[in-house]
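Take a look at the structure below.
Just so it is clear, none of the values below were taken in a lab; they were calculated from the coordinates. Keep in mind that what you see is a predicted model, and the values were worked out from it rather than measured. Cβ sites come from the backbone with ideal geometry, for glycine too, and all protein chains shown count toward neighbours.
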Amino acid sequence: VECEGDSLLALRNDLGFVSTWVKVIIIISGVFGMCLLGIAAVVLVWNRKSNTVKKAQPLFLCLMLCGLALIFCSGMLSAQDHEGADPDTSVPAGQPGRYPKLDIGCQAQVWLYFLGTSLTYSSLVLKLWRITIVLVNPSLREVKV
């Protein structure tokens with residue numbers, strides 16, 4: 001028996017919406033995290049001339065804040081689903097490309113997360129490398145990093 005149109009499984013997958021409460025929790029936690037990052041950035045700029053911030057290497061702190069902001073943005077993109085989005089009717093249900101705007105959002109989510117973790121962890125590793133160069137100094141001579 002052959003049927004015209006989409007299969008029931010493809011249609012079920014096409015209508016799998018994210019719960020409203022899950023969306024609200026994801027977006028609220030993302031906004032809360034971004035607010036905390038904003039507060040941390042203001043504190044960093046406000047205290048930029050203090051010895052504590054100067055010794056903590058403010059450039060690396062700013063890079064970590066930028067990376068964490070990208071990670072929070074990628075998390076907030078995960079709250080979107082195809083509820084209310086217009087499907088491309090030329091693409092069968094359940095196939096990639098059915099919702100072009102969501103495809104762009106999903107790709108952006110992956111790239112933002114990748115760039116955010118790269119920025120955050122590369123600045124941490126570089127900061128630790130600089131500390132290691134200073135502390136692991138067998139000749140006890142002055143090291144310029």
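Can you tell me the FRET efficiency between residue 125 and residue 54 if r is taken as the Cβ-Cβ distance and R0 is 30 Å, rounded to the nearest 0.05?
Numbers: r = 21 Å, r/R0 = 0.69.
Once rounded, the FRET efficiency stands at 0.90.
Looking only at region 69-111, which residues have a backbone nitrogen under 19 Å from a spot 7 Å from the Cα of residue 42 in the C-beta direction?
Under 19 Å, as judged by backbone N against the label point of residue 42, lie 69 of region 69-111.
Counting Lys and Arg as +1 and Asp and Glu as -1, each charge on the Cβ, what is the dipole of region 5-140 about the Cα centre in debye, to the nearest 20?
In total the dipole reaches around 1120 debye.
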